[in-house]
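Step one of this worksheet: look at the structure below.
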Amino acid sequence: METAWTIATKDLKERLRDRSAYIVGIVAPLAMALIFGFALNPLKNYEFSATYAVVDLDQSEVSRLFIDDVLRAAPGVEVLQLATTEEGMALVDKEVNPFAEPEGTSADALFIIPPEFGTDVQSEREVELQVVGNQSAQSNAGIAVALARGYAGELTSVRVTVATIETLLQKEVDRFSTGLAVLSTPYPATLTDVTADTKQLDGTTFYAAGMAIFFLFFTVQFGITSLLEERHNGTLARLLAAPISKSSILAGKAISAFLIGIVSVAVLMVTTTLVLEADWGNPLGVALLVLAAVISAMGIVALVSSYSRTAEQAATMASMAGVILGFLGGTFFDVAQAGGLIASLRFVSPHAWFMQGLADLSAGDLGVVFLPVVVMLAFGLVTGSVGLVGLRRGMRP
Amino acid sequence: MGSDLSNGNVLECSDIRKTFGDFVAVDGVGFHIGAGETYGLLGPNGAGKTTTISIIAGLLERDGGTVLIAGEAMDPEATAAKRHVGLVPQDLAIYPDLDARENLRFFGRLYGLRGSELDHRVDEVLDIIELRDRANDRSDEYSGGMKRRLNIGIGLLHHPTLLILDEPTVGVDPQSRNAILESVERLGEEGMAVLYTTHYMEEAERLCDRIGIIDHGTIKAEGTQRDLVQLVGQRDRVRLVATGNLAAGSAALGELPGIDDAAVTAQGIDLIVENAHDELPEILSVASRTGVSVGGVDVDTANLEAVFLHLTGRALRE
């Protein structure tokens, strides 16, 4: 073991003097995490805001309720009430008013409540509610449409309920007050989404974690492929001529790869926590996941290297494996959202288990990391065992 | 470092065989090296030198034969035998990102040196290879000759009983080459057994007490330089630039033991002798007694190049 440490210490000393190790191990993943964190993560601390114009041509109690309880009640929505349709169109349609761009003179969407809206709502007639979207604010216009559809859905359920009441009572009721009573009745069951809302990493942590494991497959290469470098440089002959075992040489390489991997992830974790306020979760759980991820990366890189003749060839192959597994494992975007085969296939990648483990840990207790840790360790031990046998066999001057 | 040298031999190897697929790289090689002896393995590229020393150093598994280093059997897992061997590979085998002291300390630790013993030995070797003043500079900043010296220094660090140098002067400038050859001479004088492979005839002639000529994986001939020269019937040629009674001188010189032929030429007398170095004083004495006035002497000694050509049918550097 002392010999392995001697070799590992030498390797680490060499890496400390090799600028590319800093770039691949720390600078690149940190830069990527920062870029994603700052630039591509608008959802963090995002507050929805929209300005909707309303032309109420009905002026009924029902239309007032729609404006106050549906539109104004929506968080972040500012409502501009206008008298005429022309005024409203001027705020959302450039063709109508191409110069209407100054602040406060445009809206993301226009709701036109037609005359007889209230009467129609309380009858069984078809109800019309026009929504005109601003092409310059398609997202917020889409949300306006969603609000209208939601209102239509509610209206349908209220109508069905009121009709059922009338059928049961065998008489007509005051549909307006009955409808209000139906709306104020709480739902008998509520649905809590624990898979999407609570078991997801926030954007910053997602990208920090993604970059950490993505680049881990590059940083551990420095330890494993250095064995092939030693052969290229001729120093492997010296190591093999020394009174030490081949196993101690391999152990030394494994120790250096492990330490380089751990340090690079740790630096990224600390930095993203301090700079980007990333929330990695329970430290013990995170430590177990990182440990298992490093071992899985070492195993896969060892396997790939055992089929390579040179360090360059091994680095290229290991990088390709890292990129493919990284994309498949959802380090850049959540492939689980894609559904279907790709969502299932992602679990052949240790990256997916790492990301899944962190996401589960963010919503659950420490026990949730057990499966991801075991799977990643299995990845590492199986591929690593085959890889080490191959590397040992290839240890010749 | 304890060693069994009861028969005086540091290295004994016999009938070493190694094949790579259908290619027979080493086919029954055997020789021995005593303490303080420098043995040269002389052969062209591809003759089997590097494979032979790789087996002797425990880098390669052999297919057959035996290798004993100081009485210990050598194979790739034989750590006891490996402690006796210092290897200087043909290609530079140093870490360019580390300085000379760090390179030496690393390999010293692999050979079990620790603490003050390691510090002391590192300083000693730095003095031997004349890198003390550059010891803390990264080795990738060294000249080619300095790197070669460091390459040799690493092999010496643990006081090996047998030092194996595989073509240590390839690609080295003349000044560094001479420094390396002087170092090897000193090591031999200090009692270290040295196995030296080269395809430079003049290095083998200068350094080696005995020489094995290897080609196509077999030792073609072995012995001292003189033994080898005599083995193939090579003789020295001595040319006397002379005047006077050349006929009488030539006749008298032709009667001397060790002189195979004497003939009068336009410039003087030409002689074919077994050993010019030994015979020259007597030749000059007899010439003087027979009335020959010698104005100059040219000596062409038989050399290993000619021996090698005779034994293998090809030149040493082919």
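The values are calculated or read from the model by the stated rules, or taken from the named source; none is laboratory data. Computed from a predicted model, the values in this text were never measured in an experiment. Note: ideal-geometry Cβ built from the backbone for every residue, glycine included; neighbour counts use all protein chains shown.
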Failed item, numbered, when B:R109 is tested on (1) free of Cβ contacts under 8 Å to residues at least 40 places away in the same chain; (2) outside the structural domain of B:M201 (by TED's automatic domain parsing); (3) under 26 Å from the mean Cα position of the chain (by Cα): (3)
Residues of region B:63-83 satisfying the condition of being in contact with a Ser or Thr (Cβ under 8 Å, 6 or more places away or on another chain) and at the interface with another protein chain (Cβ under 9 Å from one of its Cβ atoms): B:E77, B:T79
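When you check A:T204 against the structure, is it crowded, with 22+ Cβ neighbours inside 10 Å, away from chain B (no Cβ under 14 Å), within 29 Å of the chain's Cα centre (by Cα) and closer than 22 Å to A:V323 by Cβ, yes or no?
Working: crowded, with 22+ Cβ neighbours inside 10 Å: yes; away from chain B (no Cβ under 14 Å): yes; within 29 Å of the chain's Cα centre (by Cα): yes; closer than 22 Å to A:V323 by Cβ: no.
When the stated conditions are applied, A:T204 does not pass them.
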Meets criteria (within 22 Å of the chain's Cα centre (by Cα) and of a type outside the set (F, W, Y)) for A:T271: yes
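Quick check on A:T156: is it outside any helix (DSSP H, G or I) and either surrounded by fewer than 18 Cβ atoms within 10 Å (Cβ to Cβ) or at pLDDT 80 or above (or both)?
Values: outside any helix (DSSP H, G or I): no; either surrounded by fewer than 18 Cβ atoms within 10 Å (Cβ to Cβ) or at pLDDT 80 or above (or both): yes.
So A:T156 does not fit the description; no.
With respect to A:S385, is the statement that it is within 30 Å of A:A237 (Cα to Cα) and more than 14 Å from chain B (Cβ to nearest Cβ) true? Before the answer, list the steps.
Working: within 30 Å of A:A237 (Cα to Cα): yes; more than 14 Å from chain B (Cβ to nearest Cβ): yes.
Here the answer is yes, as A:S385 does meet what is asked.
Pull up region B:189-200, narrow it to residues that are farther than 14 Å from B:P168 by Cα and in contact with a strand residue (DSSP E or B) (Cβ under 7 Å, 6 or more places away or on another chain), then point me to the one that is modelled with the highest pLDDT. Before you say what the answer is, go through the steps one by one.
As a first pass, look at region B:189-200 and keep what is farther than 14 Å from B:P168 by Cα: B:189-193.
The next check asks that each one be in contact with a strand residue (DSSP E or B) (Cβ under 7 Å, 6 or more places away or on another chain); those that pass are B:192-193.
Values: B:M192: 91, B:A193: 94.
Applying the filter and picking the extreme gives B:A193.
With B:E279, B:E305 as the choices, which residue is out of contact with any helix residue (DSSP H, G or I) (no Cβ under 6 Å at 6 or more places or on another chain), in contact (Cβ under 8 Å) with a residue 12 or more places away in the chain and acidic (D, E)? Spell out the reasoning first.
Working: B:E305 fails: out of contact with any helix residue (DSSP H, G or I) (no Cβ under 6 Å at 6 or more places or on another chain).
None of the others qualify; the one that does is B:E279.
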Residues located in region B:73-100, provided they are buried (at least 20 other Cβ atoms within 10 Å of the Cβ) and of a type in the set (D, E, K, R): B:K82, B:R83, B:D99
Region B:32-60, residues that are touching a Ser or Thr at 6+ places or on another chain (Cβ under 9 Å) and surrounded by fewer than 20 Cβ atoms within 10 Å (Cβ to Cβ): B:H32, B:A35, B:P44
Helices (runs of 4 or more DSSP H) completely within region A:224-292 that count 1 or more residues being outside the structural domain of A:R17 (by TED's automatic domain parsing): none
Test: residue in region A:290-297 that is at pLDDT 90 or above, out of contact with any Gly (no Cβ under 7 Å at 6 or more places or on another chain) and either more than 29 Å from A:G394 (Cα to Cα) or surrounded by fewer than 20 Cβ atoms within 10 Å (Cβ to Cβ) (or both): yes
Long-range neighbours under 6 Å by Cβ, at least six apart or interchain, first residue under 30 Å from A:A251 (Cα atoms) within region A:202-222, second aromatic (F, W, Y): A:I213/A:F354
Any chance B:E167 is more than 14 Å from every other protein chain (Cβ to nearest Cβ) and within 15 Å of the chain's Cα centre (by Cα): no
Any chance B:L157 is within 17 Å of the chain's Cα centre (by Cα) and among the hydrophobic types (A, V, I, L, M, F, W, C): no
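What residue, of B:R206, B:R134, B:R186, is at pLDDT 90 or above, basic (K, R) and more than 25 Å from B:G28 (Cα to Cα)? Give the steps one after another, and end with the answer.
Values: B:R206 fails: at pLDDT 90 or above; B:R186 fails: at pLDDT 90 or above.
Selected residue: B:R134, the only one of B:R206, B:R134, B:R186 that is at pLDDT 90 or above, basic (K, R) and more than 25 Å from B:G28 (Cα to Cα).
Scan A:V323, A:V389, A:V373 and give me the residue that is assigned to a helix (DSSP H, G or I), touching a Gly at 6+ places or on another chain (Cβ under 8 Å) and assigned by TED's automatic domain parsing to the domain that holds A:A257.
Working: A:V323 fails: touching a Gly at 6+ places or on another chain (Cβ under 8 Å); A:V389 fails: touching a Gly at 6+ places or on another chain (Cβ under 8 Å).
That would be A:V373, the only listed residue that is assigned to a helix (DSSP H, G or I), touching a Gly at 6+ places or on another chain (Cβ under 8 Å) and assigned by TED's automatic domain parsing to the domain that holds A:A257.
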Any hit, region A:374-395, residues being modelled with pLDDT under 85, over 17 Å from A:A297 (Cβ atoms) and of a type outside the set (K, R): yes
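Name the residues in region B:104-138 that are within 14 Å of chain A (Cβ to nearest Cβ), part of a helix (DSSP H, G or I) and crowded, with 18+ Cβ neighbours inside 10 Å, would you? Full working, then the answer.
Our first condition is that a residue be within 14 Å of chain A (Cβ to nearest Cβ); within region B:104-138, this holds for B:104-115, B:118, B:136-138.
Of the ones still in play, those that are also part of a helix (DSSP H, G or I) are B:104-110, B:115, B:118.
Selection gives B:L104, B:R105, B:F106, B:F107, B:G108, B:R109, B:L110, B:L118.
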Residue check, B:Y95 in contact with a Pro (Cβ under 7 Å, 6 or more places away or on another chain) and not assigned by TED's automatic domain parsing to the domain that holds B:V194: no
Residue count for region B:84-93, restricted to those that are farther than 19 Å from B:T161 by Cα and either touching a Phe, Trp or Tyr at 6+ places or on another chain (Cβ under 6 Å) or at the interface with chain A (Cβ under 7 Å from one of its Cβ atoms) (or both): 3
Helices (runs of 4 or more DSSP H) within region A:1-120 that include 3 or more residues away from chain B (no Cβ under 14 Å), farther than 30 Å from A:A251 by Cβ and at pLDDT below 90: A:28-38, A:61-65, A:85-92
Index of the failed condition, B:R226 passing every other in (1) surrounded by fewer than 16 Cβ atoms within 10 Å (Cβ to Cβ); (2) modelled with pLDDT of 90 or more: (2)
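Would you confirm, using the coordinates I've provided, whether A:S344 is over 30 Å from B:T52 (Cβ atoms), surrounded by fewer than 17 Cβ atoms within 10 Å (Cβ to Cβ) and either modelled with pLDDT under 90 or within 14 Å of another protein chain (Cβ to nearest Cβ) (or both)? Lay out the reasoning, then the answer.
Details: over 30 Å from B:T52 (Cβ atoms): yes; surrounded by fewer than 17 Cβ atoms within 10 Å (Cβ to Cβ): yes; either modelled with pLDDT under 90 or within 14 Å of another protein chain (Cβ to nearest Cβ) (or both): yes.
Yes; evaluated as a whole, the condition is true for this residue.
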